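Trainee: Pasting a structure below so you can have a look.
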Amino acid sequence: MGGPRVGIPRGLGFFEYHVLWQGFFEGLGVEAVASPPTNRDILDRGVRAAVEEACLPVKVYFGHVMELAPRVDLLFVPRLVRMERRLYTCPKFLGLPEMVKSCAGRLPPLLCPVFDENRRGSKAAAAFAQVASRLGVGLARARRAWRQARARQARYRAVLAQGWPRDQALAAARGGALPQASLRPKRSPDGRLKVAVLGHSYLLYDPHLNLGLLARLERLGVEPITGDVLPEERVLQAADSLPKRIFWSFARRTMGGGLYLLERGGVDGIIHLVSFGCGSDALITDLLERFARRRGRLPFMLLTLDEHSGEAGLQTRLEAFVDMIRRRRAERAAGWAG
Amino acid sequence: MKVTFPHMGTLYIPVRAMLSSLGVDVVVPPPVDGRAVALGAKHAPELACFPLKVNLGNYLLARELGADTILMAGGTGPCRFGYYAQVQREILRDLGLGYEMIVLEPPQGHLRELRDKLRRLVGRRSLADVLRAIRLAWSMFKALDEVDREVLKLRCRELKRGAVDRVRARWLEWVGRARTPAEVKRARDRALRALARVAGPPPRGLVRVGLVGEIFMVLEPAANLGVAERLNRLGAEVDQSVWLSDWIRSHVLPNPFRFKRLDPVRRAARPYLSHFVGGEGLESVGNTVRYAQRGYDGVIQIMPFTCMPEIVAQSILPRVSADHGIPVLTLIMDEHSAEAGLQTRLEAFVDLLRRRREKGLGPKGGGGGVDSKSTGRRRR
């Protein structure tokens, strides 16, 4: 293709919407490339570019932008305002395009559609049609691409919710067939420990940022249960049982997952993964810790990531946490036997 | 029922007047000081923003004075302020304090919610009584801001040190005693006349500084360690872009800028930030542009550590500063901020502005400079 190349930074909203975004550009016939998974260099460059007070995910996003900048003609930096009605992402998502422009040095032109789902997607569709027109694609084709990308995104979500791993969900969303349901990885048939890991998708699914947390748990013989495989409806119900609805999408899901698990059990412990400097989590973590303490049943651990997080420290804390859960379990078993 | 509420600058005067005129038993928390800050910081989440901690300190100290109900405002995001009351309620509960909380905010469901809350507060008062109380409070909000605008301009010109603040202290007493909007106005005029009498001509080397930032940090001198007064004492005339009466005008009263594009602050911000980001983030950017256009020598942004909207503004202000050639200083403050460090930085900043003026680099000349180190701790 001789057309322009669009770069999509692999950070923040990417982990929620990459199927939608990449599907859309594909439907337009425009080449779109994502930045590589986070690495040391990307993180370091982002940290240097951002103001010190910015949160870790924003800093690493800057790094992805800078990584892509010399290799693409346009940068796709959407303004994610609301992913669902009346709920915001967060102020930094709202000001992201301008923060990028101000901090990340010399950049190719930005494509910054306002993604606001407050009014049933109508605004987002129009914003993406504008993106298409800047790329020289007509309205009819843009609309078709948008519809198809939406459908693909919905299918991806649905398959994920059935408990399939992300790569298989991605293949299925692209039109591939799913393997038989019986091949779906079963959860802990062997009585392995299960630990829920709650946190924003851009931390959970960026293994460099979270220092390979999920794989580490597996190696300790623990099955990590991420928030997005919990039954969505029940999770949101649990979140909305609070006197006031939480008005940030990510935080509401974290809180809902936590409350749901505190209520219903089904896991042996909860790890809450947060990044230093995350404003909404600074409040949500405190509340969730209080609720966990009041019910007093499930071990709860807060894991705060920043650019100085070390692997050794993380490993020690995980081992101690898992040991504690095992000991509790053994004590309980002994108690019943006696 | 003994009702208390958080401090924010002179907020307590109109709120106390409004509630007492409706027969509510009011407990004003002791003025914000080290004790309130330490108490709040001890019990609040470490990385919560500073205003939440100070509020909490206010509640705990008001409790000692017998308060049992908290009147607080809420919001719908994305700034964390909208969720303060929820977090504070759970903290107070875990401390074993059975505080009742009445949170005034845009109702999530029915307007009835809001009405029921007001009923709980004022009982069966007539609508006329309520409106009269609101009118009294509103006249106070406006007058307090009018006088303080003058104070920030005239303090650097006072003929005898402390004269302006003595007038201001008397004024706060007068307005606190006023029972009608007419009395408020009379007291205001008296205060303005008295201020004019104690002020002399502008001092030599006068510079003009604009203040932008998060509303609580700008309005509560005990939280910002008296930034405005310190600037005045260094010979700077100060203009504040955030005022309580303006906030009420744009958030509670019908908005005159229904067509948001007409709002001059948003228009000024537009080349740098074209979307709201919650709190005062957009206003901080827009007002910095406007200060540059109006020929101010420099701008100071005040924000609490970890403030989400102001971090967005902080990231963008270097561009505004470079484009308009106006120096911007960002002050990030919380319970760890220290006076000595702040004073040094303010002196250096005012010095810089003065030297730029002498070199003819004043407003709209040459490049700007940005210093955005925090005053207190930077990391844990």
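Trainee: How many partner chain Cβ atoms sit within 10 Å of a residue's Cβ in peptide A:274-283, on average, as a whole number? Write out the running numbers ahead of the final one.
Mentor: Working: counts 1, 0, 4, 6, 3, 12, 5, 2, 11, 12.
The shielding value for this peptide is 6.
Trainee: With everything on Cα atoms, drop me the angle between helix A:40-49 and the longest principal axis of chain A, reported from 0 to 90° to the nearest 10.
Mentor: Once rounded, one gets 70 degrees.
Trainee: OK, next. Amide H of A:VAL114: which non-local residues (sequence gap of 5 or more, or other chain) have their own amide H closer than 5 Å, using H built in the peptide plane?
Mentor: For A:VAL114, whose amide H was placed from the backbone, the distant partners under 5 Å are A:ARG79.
Trainee: Let me ask something else. In µm²/s, what is D for chain A at 20 °C and 1.002 mPa s, where D = kT/(6 pi eta Rh) by Stokes-Einstein and Rh is the Kirkwood radius from Cα pairs? All intermediate terms of the calculation are to be shown ahead of the outcome.
Mentor: Details: Rh = 21.2 Å.
Roughly 101 µm²/s, to the nearest whole number.
Trainee: Let me know the whole percent of all Cα-Cα pairs from segment B:1-99 that are separated by more than 18 Å. Don't skip to the answer; put the middle values down first.
Mentor: Working: 2116 of 4851 pairs.
The calculated P(r) of segment B:1-99 puts 44 percent of pairs beyond 18 Å.
Trainee: On to the next question. Taking a ≥ b ≥ c as the square roots of the Cα gyration tensor eigenvalues, with a/c under 1.5 meaning rounded and otherwise prolate when a/b beats b/c, else oblate, which class fits segment B:174-303? List each step's numbers first, then the result.
Mentor: Working: a/c = 1.92, a/b = 1.22, b/c = 1.58.
Verdict is oblate for segment B:174-303.
Trainee: Relative contact order (percent) for chain B, with alpha-carbon contacts under 8 angstrom and 6 or more residues of separation? Mind dumping the intermediate values first?
Mentor: Values: 636 pairs, mean separation 56.0, N = 380.
The normalised contact order for chain B reaches 15 percent.
Trainee: Ok, one more. Measure nothing fancy, just the Cα-based angle from helix B:111-122's long axis to the longest principal axis of chain B, in degrees from 0 to 90, nearest 10.
Mentor: The answer is roughly 80 degrees.
Trainee: So for the pair B:ALA38, B:SER126, with labels modelled 7 Å out along Cα→Cβ, what separation do we get in nm?
Mentor: A separation of 5.1 nm, rounded to one decimal place.
Trainee: Quick one: divide the alpha-carbon radius of gyration of segment A:188-337 by 2.2 N^0.38 Å and tell me what you get.
Mentor: Working: Rg = 15.1 Å, N = 150, 2.2 N^0.38 = 14.8 Å.
Computed over Cα atoms of segment A:188-337, the ratio equals 1.02.
Trainee: Return a single number: how many Lys pairs in chain A, at a sequence separation of 8 or more or on separate chains, have alpha-carbon atoms below 22 angstrom apart. Kindly include the intermediate steps, with their values, before the conclusion.
Mentor: On the way: A:LYS59/A:LYS92; A:LYS59/A:LYS101; A:LYS92/A:LYS101; A:LYS92/A:LYS123; A:LYS186/A:LYS194.
For chain A, the number of qualifying lysine pairs is 5.
Trainee: Pick from B:GLY362, B:GLY77, B:GLY281: which is most flexible by mean-square fluctuation in a GNM of chain B where alpha carbon atoms under 10 Å apart are linked?
Mentor: Looking only at B:GLY362, B:GLY77, B:GLY281, the largest GNM fluctuation is found for B:GLY77.
Trainee: In whole Å, what are the extents of segment A:2-166 along the principal axes defined by its C-alpha atoms, from largest to smallest?
Mentor: 41, 39, 30
Trainee: Same structure, new question: Give me the Debye-computed log₁₀ of I(q)/I(0) at q = 0.12, 0.18 Å⁻¹ for segment B:60-182, equal point scatterers on Cα only, no solvent, two decimals.
Mentor: One equal scatterer on each Cα of segment B:60-182 leads to -0.73, -1.13.
Trainee: Then there's this: So what is the calculated 222 nm ellipticity per residue for chain A, using -39500 (n - 2.57) for each DSSP H run with n of 4 or more, over all residues, to the nearest 500 deg cm²/dmol? List each step's numbers first, then the result.
Mentor: Working: 14 runs with 173 residues, N = 338.
Rounded to the nearest 500, it is -16000 deg cm²/dmol.
Trainee: Let me ask something else about it. Rounded to the nearest angstrom and ordered from largest down, what semi-axes does the equivalent ellipsoid of the protein assembly as shown get from its C-alpha gyration tensor (root of 5λ)? Display every interim value, and only then the final one.
Mentor: On the way: eigenvalues 417, 214, 117 Å².
They are 46, 33, 24 Å, listed largest first.
Trainee: Pick from A:GLU53, A:GLU16, A:GLU67: which residue has the top mean-square fluctuation in a GNM of chain A where Cα pairs under 10 Å get a spring?
Mentor: Checking each option, the largest mean-square fluctuation is seen for A:GLU53.
Trainee: Calculate the FRET efficiency for B:ARG267 and B:ALA73 from the Cβ-Cβ distance with a Förster distance of 45 Å, rounded to the nearest 0.05. Numbers along the way, then the final one.
Mentor: Working: r = 28 Å, r/R0 = 0.61.
About 0.95, to the nearest 0.05.
Trainee: At 7 Å along Cα-to-Cβ for each site, give me the label-to-label distance between A:ARG144 and B:ARG166 in nm.
Mentor: 8.3
Trainee: Quick check: the angle from helix A:279-295's long axis to the longest principal axis of chain A, C-alpha only, nearest 10 degrees?
Mentor: Tilt of helix A:279-295: around 20 degrees.
Trainee: From the phi of every residue in segment A:107-112, what ³J(HN,Hα) in whole Hz does the Karplus formula 6.51 cos²θ - 1.76 cosθ + 1.60 yield, where θ is phi - 60° and glycine or proline is x?
Mentor: Residue by residue, segment A:107-112 yields 10, x, x, 9, 9, 10 Hz.
Trainee: Oh, and also: Rounded to the nearest 500, what is the 222 nm mean residue ellipticity of chain B from helices alone, with -39500 (n - 2.57) per DSSP H run of 4+ residues and division by all residues? Can you show the working numbers first?
Mentor: On the way: 15 runs with 195 residues, N = 380.
For chain B, the value works out to -16500 deg cm²/dmol.
Trainee: Please compute, for the alpha-carbon atoms of chain B, the extent along each of the three principal axes and give them in descending order in Å.
Mentor: Principal extents (Cα only, largest first): 65, 47, 44 Å.
Trainee: What FRET efficiency, computed as 1/(1 + (r/R0)^6) with R0 = 60 Å and r the Cβ-Cβ distance, is obtained for A:ARG85 and B:ASP351, rounded to the nearest 0.05? Numbers along the way, then the final one.
Mentor: On the way: r = 51 Å, r/R0 = 0.86.
Calculated value: 0.70.
Throughout, read-outs are computed from the coordinates displayed, never taken from laboratory work. Since this is a predicted model, take the numbers as computed values, not measurements. Using ideal geometry, Cβ is built from the backbone for each residue, glycine included, and neighbour counts are taken over all protein chains shown.
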